[in-house]
Structures are given as C-alpha cells and as structure tokens.
Number of protein chains: 2
Amino acid sequence: MSKSFAQPQARPVPEAALDELRTLLGAGAVRTDPASLAGFRDPYAHRSWREHEPAVVLEPVSVEQVQEIVRIAGRHLFPLWTFSQGRNYGYGGPAPRQAGCAAVSLRGLGRILEISEDLAYAVVEPGVRFSDLYAELRRRNLPLWPSIPDLGWGSVIGNTMDHGVGFTPLGDHPGRACGMEVVLADGSLLRTGMGGQAGNPAWHVRRHAYGPSAEGIFMQSNFGIVTKMGCWLVPEPEIYISADVRVEREEDIAALLEAVRPLLLDGTIQNYPIAYNATLVGGAFSGVPREHWYAGEGSLPNPAIGKMMAETDCGAWFMRFALYGPAVIVDEQYAACAAAFGAIPGARMSARRMRGCDVHDTLSAAVPPPPGPAGAVGRLRHQSDCTQAGIPTLDLLDNLSWEDSGAGGHLDYSPIAPLDGQEALRQSQWLRSVFTEHGFDYAASLMITPRAFINITSVWFNTADEGQTRRAYDFIGRLIGLGADRGYPVYRTHLEYMDAVAEIFDFNEHAQARFNQRLKGALDPGGIFSPGKQGIWPSSVR
Amino acid sequence: MSKSFAQPQARPVPEAALDELRTLLGAGAVRTDPASLAGFRDPYAHRSWREHEPAVVLEPVSVEQVQEIVRIAGRHLFPLWTFSQGRNYGYGGPAPRQAGCAAVSLRGLGRILEISEDLAYAVVEPGVRFSDLYAELRRRNLPLWPSIPDLGWGSVIGNTMDHGVGFTPLGDHPGRACGMEVVLADGSLLRTGMGGQAGNPAWHVRRHAYGPSAEGIFMQSNFGIVTKMGCWLVPEPEIYISADVRVEREEDIAALLEAVRPLLLDGTIQNYPIAYNATLVGGAFSGVPREHWYAGEGSLPNPAIGKMMAETDCGAWFMRFALYGPAVIVDEQYAACAAAFGAIPGARMSARRMRGCDVHDTLSAAVPPPPGPAGAVGRLRHQSDCTQAGIPTLDLLDNLSWEDSGAGGHLDYSPIAPLDGQEALRQSQWLRSVFTEHGFDYAASLMITPRAFINITSVWFNTADEGQTRRAYDFIGRLIGLGADRGYPVYRTHLEYMDAVAEIFDFNEHAQARFNQRLKGALDPGGIFSPGKQGIWPSSVR
C-alpha cells in the first residue's frame, strides 16, 4: 500500500445525467446553485476551502427514487456521496470526500414505518432523526425510549452506519440495529437477515438469520445505501437514576475506570458512562468564552484549569452514568456504585432518581441553570439526564460558544483502547502534552464500554479564522500519526484523514484494506458509491 | 433461482496434491483409510449412505499448515470442507456437503492463546472445546465463566460460526465474539476489527473498529477459515440462581412467553431461557426407552404424554432460566420473576441458589437422580444448573437412549419466530399436528431471546434402521417446506437441506442468495472453501 492515494476531482456529473435526474426527482430536488450547495459543505472548514464541496445535491423522497438515482449513476459512471442527515459535524458533516461528487441527501426519506410496542422496536428510513423517533414515541404515548447520542439532530440510521454510540442500555448502536434494506450498486434491493424472506415477521427481532450476516459490511463503508433499518428500543423502566461521580485529581481517572469496569462487566451499570475532564466541562457547559478562563497565548495552563475546577466544581474528572429498572433493584445497584466509587479518596456522587413514566414531563419542565461557570455542572447534568433517558437535546452545541466569534467549530480525535485505568492515565497525560505542545486545549470525553474506552477529544477553533482552522485540521492529522505510533487507531475520522486512518491498519501488508478493496470491486464495480469513504476507493481511482 | 442445484461429486483430490499434503503434514495427518474416514461421516446417517463422506481428512496442527493446505487446494483446485470439532451432530456433524471433499479438521489447533482476567475474555483456536476452555479457567482458578451451549464437546469457534447460542448472560455467541483471524482463499491472513493493526491490544475488547466489520460474513458461510477468535467471558457473580417454572396446560406456553418477555427486555433475566415440552423432558431426561411410555404404532398419543407429565411431574412446559449478580439484586430479580410467573394459574417455580465461588464445587459434587421418570426433572435441573453456569456436560446425549437400540440419532428442525405467546401456541399446535401426521414425536425446546424465539424440535430415530432413518431425513425436508409456506425459515439445518433453506429467502428474486454468490465469487474465486455450505456454491458448480 502506498502512503498516498490519488485523489482526483470526482468524475463530473454529465449534463445528460442531470437531465435524467431532474425528470426523476423534479428540478427543485436537483440542487446546483451555490447557495444550496453551501449548506452541504464541511461545516467547520474555512469558507474559502473547496476540497469537500459537492457539485450537485440530490433530494430523493422514496426508495424507488434512490434506486433510480443509483441506476443513472451506474449508466453515466459518476460518483454519489450519500448521507442520511449529515450531522456528524466534527468529522465533515454531509460533505463528500471528493469535491465535485453528486451528494445524495436522504433527509427526504423520513418515514417511521413501524413501531412494535410489545417487541420494543421501530423501523425507520434514513431521514428519521433521533428527535423524530422520540417525538413519535411520545405522540403515541408508548412506554419505550430510543437510544440516542449526545446530539439529537442526527439520523438514527446514519449514526448506526458510522458506529455511533448511545447512552441507554442499548448504547451499542450497531448492536441494536436489526435487519436492513440496502440499495445495491445495480439499483436492486437487498434485505438482510430474516428480511431475506419476503414478509418475514422476524426481520427486526432476530439478528442472525441463515447464512452470512451482511449488516456489518454496510457500516463505515461504501458498498450500498441503507434505506430501512430495524432499531431496538428500551422499555421504560419503573425507576431511572441519572448519576455522576467526581474525582479531584487528574490521576484519579485510573482508579475511576478500575472501579467502573466490574460494574459494567456484571451489568450493574447497563449504559455506557462518559468521563469528562475539567476542560470539557468548563469549556462545553459554562457558556462563557474562553477568555473567561485564560486570555494568554497557547493552551490553557494549569492555573486556568484549576480556575475551571474551582468555579464549576466539576472535579478533575466528572463521570456520568445511569441505572434503569424496578425501584428495589436500581436502589441496590446505586448502593453498589456508591460503595465502589466511594473507595476513591475525595470522590463525590450525585444522582437524580425519577419514575420512568414521569421522566419526559419532569425533564421537559426542568430549567437548567443559566450560563455561567457555577451552572456548568447543572447544565451538564440536565443534558445527561435527558440523553441517558433517550430525550434528544442540542445542548452540546453550546461548546461552540467557547469561541465567542459565533463561528466556533470542532474536530474530533477519538482513539480506542482497552478499559484499563493506568492505560487511560498514560494516554490522557500523553494527549495533554501533545495538545499543549501544539497550543490546543485538551478537552476529553471518555466513552466507557465494559472492555474498551474511546476518548473523544475535541479541538475547538474559530472557523472564521483561516489560519486557526488550518492549524486545527493539521493538528488532527498530526495526532493521527502520533497516535498510530503509540498503537491507537480511531473509531471515526474526518473526511480529510480517512485514508490516513485506514493506513494505520497495517497487519499483513494492510490485509484489511486489501480485503475491503476486494469487496468494493465485487459489490460496486463501477465505483459509484461514496469514493474514499473510510479510505476505500474504487479501483479506477486508487 | 432454480429449485435444485447441480450437485456433482466434488472434484477429486489429485494424487499430486495428496503427495504435497503428506509432505506438509506428515503421512499420518492425511487420512484416507476407510476406518478413519468413517469417523467423519454424517454421524446419524444410515451406515450404507455415502452422500456425505469425505475422500480424505487433513489434520493440520498450526495456522501455517492451514494456510499451506489452502494454497495447495488453490493450485490443484479441489474443495476443502472445514470443521472445527464437527459436533453439531443433528445437522451433519463433521461431514461435508459433497461426498469426495477433502475435509480439514481443525481439532489439532487446540491452543488457548490468551485469557485476560481483568477484561474477561479469552482468545482461542478452533480446536478448543467448551470443556477445554472451562478446564483452563478452573486450572487457573479464575473467577470467569465461559458461555456454553447444552453440549460441552463442541468448538468455541465452530459453535459461534454456526450462530450458536449459550445460556449465560453472554448467550448470543456471535455477539460475544470479538476479533477474528481468517485464512483467505489465497492462503493469506486477515485479522478483523482492531486486529487489522499489528499488535493492537484492543483486538478482543472492541467489536467495531474502523471501516466495515467483516465478522458476520464469515459465519454460516464459506468465505474463509477462522483460525483465532476472541471470546468474551462472564464474570463470576456473587450469587447464581438457576430456576425453573412449570405450567400445566399446553396452551399455557402463550402466557409463559408473554410473562417472560418483559423480564428479558428489561434485563431482569439476563440469559436465554428454554421452554421444554413434556415430550422433550420425558424423552431426553427419563433415561428409559420409548416403550416405557408407548409401545404402539405412530407418534405418542395424548395418554402417553399425560403419563409422562404424571411420572416426571414436568408440567406441559418446563422453562429454565437463571439470574446472576449480588445477593440483594438477584433475590429481588427472583421475586419479580416469581410475581410474573405466579400470575399464571397452576404455575410452579423452583430455584437453586448458590454462591458464585462455590458453583463449580457444588455442581461437580452433585449427584443427579438415577435414570427413571421420577428423576427426569432432577436430571434436567442438574444439566441446567451446570450449563447456565458455564460448566460443560454431555448429559443431553442421554436423549439418544430414547432409542434403546444403542444407535439413536436425531435431526433438528428449528424455526425462528417473533416472541409472541399466541404465535408460539399456534406454531406448537401446528408442529404437533405435523409430527403426529408423520408418525414422529413432537419434542420441543424453545430458546427464548428478548424479541424472538427459536423452536429446536428434535426428530429421534434408530440409525441402524435404514427405513426409519430415511423417514426421519425425509420428514425434516417436508417440515422445511411446510414451514416455509407458513413463513418460517430455520436458524441452522442439516447438510442435506442447506439448499432448500437458502431457497426460502425469496425476497426480490432471492437477492440474499445472489448477494452471497457475489461475495463467494470475489472472496473464493476458485471455489475451494466448503462448497454448498448454507446453500452457497462456487460458480463452477452452481
């Protein structure tokens, strides 16, 4: 494998194809005007950059239209870049890897096709957002919660396709997906799993059918367009406890992770906790600009971080988690957590205990504290209380107020490692030193699963300042390289670094990349689906 | 898709290839003598049948030898039929789909490569049996339990590859697999997931890495040979309760499943319960021949089933399940189960409560009741107590004593359906009528997951009686067809019916089969891996 791929401009969309697309979709759903296209750029790139601008955005409203778009692209051999909602802003949003692509927005496929109350699942199209699914469950007054990530505006399917994570007991989003419909490169439909039998009622209740399971190869790839997916839901518990624990020293992250691991492995804690460092809490939840903490050059010095800890009272690390179940059980589970975390010197716990049936009303009516450092923990708690109960919010977008320019952006670097306390401490100290060396602030969110954690670190910057934006983009690339040297791949990445991350997977002369390439050639011989996604290119481009 | 595939004899293994194989493996590991080959036939086929006999059995002891075997097969273009232990006897055991194949036994790759106590996983080769993994955990005195199926002699990897199910909280065996090494058709090695980076320590702790996840397409397929797999383990709980509930009327299965579903959905019950009907309990656990119950013609009449219920006291349905955790929690969980099941008129519960650290000693020392109908429930309980705690047994082989010929065999028919009480009752009444019509006894084991159940029905017969054996094989084929008409595929099937089951998946002109075929062509263009497995044939044969 060479270190760099050829990355020509995408093959242009021929005029004849545009005509066919206008006939198919209507002229208004084939957008080529600059104002429309601007809405589908990399949202945090500097406005003068053109590397990730589509040439046209197509807006189908039905599976049949998607199939026909694929057939037109196949005949004319131009590439399609598909997104569901395109809200993964820290990784490039709806923008294509290659400028000049025809972007296919699936926002118009917005139907919730089925909800089973007894079997606790929904079937959705890719335009359905977490907020849509939540609203429909509320409208029908069903005792079911969706599992959602921290921002509620994304697509249920799109998030799953990108290995998204949620914070209810069904937080493994690829794992709670069951049964897909996929448009293949010839425009035909595949239904995975039990859906391979027409009309089978177990399509969305049994994940492994007969023969190979294809769902996994359609995630983080470019082998097809998923147009339907079953999505399991969480039954409303009798009692819901949203809890947190604060520790006072940076090195306490080791003890905290060692304490939480057995509670995750034995199912005492059923959701994925997140541990935030003080810079994340102070930066994302205080609602004050960075100058409040530090107005000098370079990254936040220790005294500024100390000021954050003092004014927000968030500790060095603030870990949220939740419990779900009958009162007698969750109260015992909380006691077990209190005993485990209480053994860490200086650790402080807090919890909000609600009846499951009251959660929506209680949290909808709750008024989080006003902006200001003293309210940061309260605002984080409100956001956590909602998210861990499947109630979508956009609170986390507040972290962009860190940049008081009104043009705040962020890019994420998210290494994966085994769930080991000392490893987390070493990694965190290393990351802090690298961020500091490069003049960035180390804001960390450790998403914790029973055996591994993903450290979502966010680089915040002012997208109106081209130099600063360039430095942020370059820094992410530098982090990917430095992380690879220490053995860290990442779980998602920005368009700009998809090749670089693929390159990290070097076992047996990049056997994984060669394998993916073989699948790509077999499933999309014309190379029309999302060239370059996750570093997988059609052979004609590679 | 035509209804029947061409099924010629496998391309013969050329003498020159055998010479190369003998040089590679040693002559003793290239078995062609009839006595050796007889050990790798379909174990329950009549001894005069030759449809599934290999021509040669290869016994590699290392991954490198497996790679070289694949390269030799690729050069000489003869097919390999791979099995790990080959213990799925009800579906054909180690035997190849096509007679004349070169069978590759992976029993010689028997190393447990790693066990992580903190992160609760093991890494195994395909020859490692559940009993080996259990023994090693005991030898090291680790507080970890493997998740195992009802018979402990199978391969951990082989069972996972066939969508096997276990009965601890990690009973979704494909779901508790994390990270594989696979020999591809060119003899090269692929490592999936995080293993795609050489030396990555998160290979067996994080299931989704970067880019598409390939694990699912290597299960129930013939695209590669899995030579290593990570396997998550269950932490020893403080308290383990192995429990059961009996209901008295056939129609009570509906209420039983409606009662258990919420307990599964909310995690009160973390393992997969099984509901057995009286014929299964009386037949498999009494240790008396069928004549004890009924000596007449045809299937067991209602009075004989009534006699079983009376003499074994197993109820019309006997459902086992288990609870795991701290004492204060499992006792509350048990109370919740007792309340839910207690609402079914006539339901009776029973439970054995053990300290997790005592389970192995307690159950190893336990002496199950001697054979005889009065001991059937006790023997089933002992087997359940062990299996649900990860302690392998071979007790279930006793069901073959139903045939007092000493040559008992069974074939399984295992339809999948949504977890709905009325559906289970309708299905069970239908199956009973079909079994009765064909003169077989309806012995049912409903494996229950939170949203679906799989009804493992066993057809028992005397393999020494060719006519009876033929009728049993034919009956399975008839069931598959009748089930398909009612919308039921199955989760596994015997070699003989792999094509017929694939045929059931008819959505969009068998899109799933065509998709699998496309993968087959790309990943194994020479068609050397397990032709016909799950109905997937190389294009040269199809």
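Can you check what the net charge comes to around B:Leu363, using other residues whose Cβ is under 11 Å from the Cβ of B:Leu363 (Lys, Arg +1; Asp, Glu -1)?
Counting the neighbours of B:Leu363, the net charge comes to -1.
Measuring label to label, 7 Å along Cα→Cβ, what does B:Leu397 give against each other copy in nm, shortest first?
The answer, with the shortest distance listed first, is 6.4 nm.
Take the solvent-accessible surface of the protein heavy atoms, probe 1.4 Å, and return the percent of it on chain A that carbon and sulfur atoms account for.
Carbon and sulfur atoms account for 51 percent of the accessible area of chain A.
If you project the alpha carbons of region B:429-542 onto their three principal axes, what span does each projection cover, largest first, in Å?
Cα extents, longest axis first: 45, 39, 23 Å.
What would the Debye equation give as log₁₀ I(q)/I(0) for the protein assembly as shown at q = 0.04, 0.05, 0.09 Å⁻¹, counting only Cα atoms as equal point scatterers?
So the normalised log intensities are -0.20, -0.31, -1.06.
Enter the angle in degrees (range 0 to 90, nearest 10) between the Cα long axis of helix B:507-523 and the first principal axis of the Cα atoms of chain B, meaning the one along which they spread out most.
Value to nearest ten degrees: 50.
Give me the one-decimal Kirkwood hydrodynamic radius in Å for region B:252-329, with the sum taken over alpha-carbon pairs.
Evaluated on region B:252-329, it is 14.5 Å.
Rounded to the nearest 10 Å², what accessible area does B:Leu265 show when all protein chains are kept and the probe is 1.4 Å?
Looks like 30 Å² after rounding.
Checking the cross-link filter: which aspartates and glutamates have an alpha carbon closer than 16 Å to that of A:Lys307, excluding same-chain neighbours under 8 positions apart?
The reachable aspartates and glutamates, counting only those whose Cα sits under 16 Å from A:Lys307, are A:Glu248, A:Glu250, A:Glu291, A:Asp441.
With respect to the symmetry axis carrying chain B onto chain A, which residue of chain B exhibits the smallest Cβ distance to that axis, and what is the value in whole Å?
Residue nearest the B-to-A axis, with distance in whole Å: B:Ala522, 2.
For region A:239-494, with equal point scatterers placed on the C-alpha atoms only and solvent neglected, what are the log10 I(q)/I(0) values from the Debye formula at q = 0.11, 0.13, 0.16, 0.17 1/Å, to two decimals?
Reported log10 I(q)/I(0), two decimals: -0.58, -0.82, -1.24, -1.38.
How far apart are the A:His438 label points across copies, placing each 7 Å from Cα toward Cβ, in nm, shortest first?
Nearest first, the other copies' label points are 6.4 nm away.
Given a Förster distance of 41 angstrom, what is the FRET efficiency for A:Ser48 paired with A:Glu291, based on the Cβ-Cβ distance and rounded to 0.05? Kindly include the intermediate steps, with their values, before the conclusion.
Values: r = 26 Å, r/R0 = 0.64.
Step by step, r from the Cβ atoms, then E = 0.95.
FRET efficiency for B:Arg514 and A:Ala374, Cβ-Cβ distance as r, R0 = 45 Å, nearest 0.05?
On the way: r = 62 Å, r/R0 = 1.38.
Between B:Arg514 and A:Ala374 the formula returns 0.15.
Based solely on its DSSP helices, what 222 nm [θ] is calculated for chain B when runs of n ≥ 4 H residues each add -39,500 (n - 2.57) and the sum is averaged over all residues, nearest 500 deg cm²/dmol?
-10000 deg cm²/dmol
With r as the distance between the Cβ atoms of A:Ala343 and A:Leu394 and R0 = 41 Å, compute the FRET efficiency 1/(1 + (r/R0)^6) and round to 0.05. Could the numbers behind the result be given before it?
Numbers: r = 37 Å, r/R0 = 0.90.
After rounding to 0.05, the efficiency reads 0.65.
Around B:His163, under 14 Å between beta carbons, what's the net of Lys plus Arg minus Asp minus Glu among the other residues?
0
Using a 1.4 Å probe and counting only protein heavy atoms, how much accessible surface gets buried when A and B come together, both sides summed, in Å² to the nearest 100? Mind dumping the intermediate values first?
Working: alone 20560 and 20620 Å², together 34030 Å².
Interface between A and B: roughly 7100 Å².
Output the peptides A:66-75, B:294-303, A:219-228 sorted from most to least packed, where packing is the average of other Cβ atoms within 10 Å over each peptide's residues.
Peptide ranking by packing, descending: A:219-228, A:66-75, B:294-303.
Shape of region B:186-345 from its Cα gyration tensor (a ≥ b ≥ c, root eigenvalues): rounded if a/c is under 1.5, otherwise prolate when a/b > b/c, or oblate?
The shape class here is oblate.
Once the label point is placed 7 Å from Cα along Cβ, list for B:Ser48 the distances to the corresponding points in the other copies, in nm, shortest first.
Spelled out, the distances from B:Ser48's label point are 8.9 nm.
Per residue, how large is the accessible surface of region A:62-118? Use a 1.4 angstrom probe and give square angstrom.
Result: 30 Å² of accessible area for each residue.
Rg/Rh for chain A: what does it come to with C-alpha atoms and Rh from Kirkwood?
We get a ratio of 0.96 for chain A.
What residues does region B:468-514 have that are buried by at least 50 Å² of accessible area in the full protein assembly compared to the chain on its own, 1.4 angstrom probe?
With the partner chains in place, region B:468-514 has these residues losing at least 50 Å²: B:Phe505, B:Phe507, B:Gln512.
Does anyone have the angle between helix A:421-437 and the longest principal axis of chain A? Alpha-carbon axes, 0 to 90°, nearest 10?
70 degrees
Rounded to whole Å and sorted largest first, what semi-axes of the equivalent ellipsoid does the C-alpha gyration tensor of region B:69-221 yield via the square root of 5 times each eigenvalue? Mind showing how you got there, number by number?
Values: eigenvalues 130, 83, 39 Å².
Rounded to whole Å, the semi-axes are 26, 20, 14.
In terms of the Cα gyration tensor, with a ≥ b ≥ c the square roots of its eigenvalues, is region A:15-108 rounded because a/c is under 1.5, prolate because a/b exceeds b/c, or oblate?
Prolate, because a/c is 1.5 or more and a/b exceeds b/c.
The values are calculated or read from the model by the stated rules, or taken from the named source; none is laboratory data. From a predicted model like this one, the values you see are computed outputs, not experimental measurements. Cβ coordinates were reconstructed from backbone atoms using ideal geometry, including for glycine residues, and neighbour counts include every protein chain displayed. With ligands, DNA and RNA removed, areas are computed over all heavy atoms of the protein, side chains included. Shrake-Rupley method; radii C 1.70, N 1.55, O 1.52, S 1.80 Å.
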